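Down below is the structure, laid out as structure tokens.
The values are calculated or read from the model by the stated rules, or taken from the named source; none is laboratory data. Bear in mind that the values here come from a model prediction, so they are computed numbers and not experimental data. Positions of Cβ are generated from backbone atoms using ideal geometry, with glycine treated the same way; all protein chains shown enter the neighbour counts. SASA here: full protein model, heavy atoms, side chains in, ligands and nucleic acids out. Shrake-Rupley method; radii C 1.70, N 1.55, O 1.52, S 1.80 Å.
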Amino acid sequence: MSTDKPTVFVTRQIPAMGLEAIARVAEMRVHEKPMPPTRQELLQGVQGCAGILSLLSDRIDSEVFDAAGANLRVVSNFAVGYNNIDVTEAKRRDISVGNTPDVLTDATADIAVALILAAARRLREAADGVIHGQWKTWEPLGWIGMDLRGKTLGIVGMGRIGQATAERLVHGWQMKLLYTSRSPKPDVDRQLGGRHVALDELLSDSDVISVHVSLSPETRHLINAEALSKVKLNTVLVNTSRGEVIDQMALVTALKKQQLFAAGLDVCDPEPLPVNHPLLELPNCIVLPHIGSATVSARNAMAQRAARNLIAGIQGQPLPFAVHQSHLHTHPTNQT
Ligand code: NAP
Ligand code: GLV
């Protein structure tokens, strides 16, 4: 049936409040399957669309822009990270790009703290021990972990989530705070007693390192074998940013040699991590399936923000949460 509403492609089921808002103003194609669209399904799904609501698992690049065609005005990512989108190419084509900042900060910081505690107190080993019959008695010398109070926390990437993680650990465990980021953060220094340092100093002086940088060519494998050789003995390393920020094979080696005490990962490279991956065999590594933002309120709020960005974009309005804002010239609306 023909309609004058612009067409959009939503690459997966997202919370209903997002879909309902979009359906009121657009002709909506939703990829209904539980797995992400294949490349072919993605290229087909976007054809003739004015907007794409993408997930972090969808690679959105010039091939997708070409497949969508000249009507495409906006890509709205259902995530705060947008390393899956070729933003340079979107800018070149004057296509807006949006993301969902802030509303998942607390949920993701909670997972970072959960992983820090799990790694420091050896929760994976202890829980596995119960399941596999190794719990024979109360063990005065068994499953001994590391405590956090008063230790030094190193935040790699003092953005929104890095700061929320630091707040929890400085206020809750009185940890001392070092951090890296492109620029110093005077508020963090004042409120949390933080100190902006070079990565090398953070690596060598921290007891717990929590990674929160966005993924870019500059931060890919930021934590590599050389970086890991600088950490002190008995350090805990946690990553809730993107798997590619850590050289995972270097991490396997460091964990095997017990150069690190333990690691906790919410993100991996690749995702999902194959079940026979060497990381999963290591008792001092706990891996989660990228659940940082997986709470009801965070996911609902992400759906609302992603929908608002998509709707604003197809209507030629400024995006409320923009990574890149197009020049708002009027494209011809989509014909279906
Ligand atoms: P954000 O506020 O933009 O923070 C990113 C931080 O990375 C900023 O402090 C930035 O420094 C720093 N940074 C970027 N490039 C750098 C470089 N080359 N060298 C040093 N520091 C650099 O983003 P956010 O909201 O906290 O989210 C951070 C990341 O977490 C996202 O990009 C995403 O990949 C990931 N994430 C994961 C989950 C999950 O489910 N596990 C959930 C949400 C987000 P400046 O402040 O100086 O620019
Ligand atoms: C999740 O990883 C996000 O970037 O929102």
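When the residues of the stretch 252-272 are filtered to those that are away from ligand 1 (no atom under 14 Å from the Cβ) and of a type in the set (A, V, I, L, M), the one that is surrounded by the most Cβ atoms within 10 Å (Cβ to Cβ) is Ala262. Entry remark, the stretch 95-116: residues being under 16 Å from Ser76 (Cβ atoms) and more than 9 Å from ligand 2 (Cβ to nearest atom) number 6 in total.
Out of everything in the stretch 249-295 that is among the polar types (S, T, N, Q) and within 21 Å of the chain's Cα centre (by Cα), what residue ends up being farthest from ligand 2 (Cβ to nearest atom)? Of everything passing the filter in the stretch 249-295, Thr295 is farthest from ligand 2 (Cβ to nearest atom). For beta carbons closer than 6 Å, sequence separation of 6+ or different chains, a first residue in the stretch 287-302 that is in contact (Cβ under 8 Å) with a residue 12 or more places away in the chain and closer than 19 Å to Glu271 by Cβ and a second that is open to solvent by 20 Å² or more (accessible area, probe 1.4 Å) and not in a loop (DSSP other than H, G, I, E, B), the qualifying pairs are Gly292/Ile111.
Only one entry in Glu32, Glu20, Glu27 is open to solvent by 70 Å² or more (accessible area, probe 1.4 Å), away from ligand 2 (no atom under 16 Å from the Cβ), in contact with a Ser or Thr (Cβ under 6 Å, 6 or more places away or on another chain) and more than 18 Å from Arg92 (Cβ to Cβ), namely Glu27. Picking from residues in the stretch 273-284 that are away from ligand 1 (no atom under 16 Å from the Cβ) and not in a helix (DSSP H, G or I), the one that is nearest to Gly159 (Cα to Cα) is Asn284.
One line per residue, one yes/no per condition, for (1) under 30 Å from Tyr82 (Cβ atoms); (2) in a helix (DSSP H, G or I); (3) more than 16 Å from ligand 1 (Cβ to nearest atom):
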site: Thr100; (1), (2), (3): yes, no, no
site: Ala112; (1), (2), (3): yes, yes, no
site: Ile116; (1), (2), (3): yes, yes, no
site: Pro140; (1), (2), (3): no, no, yes
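Scanning the stretch 174-197 for residues that are open to solvent by 80 Å² or more (accessible area, probe 1.4 Å) and within 14 Å of Leu153 (Cβ to Cβ) returns Gln174, Lys176, Arg195. Within the stretch 175-219, how many residues turn out to be farther than 24 Å from Leu117 by Cβ, within 16 Å of ligand 2 (Cβ to nearest atom) and not hydroxyl-bearing (Ser, Thr, Tyr)? Number satisfying all stated conditions: 1.
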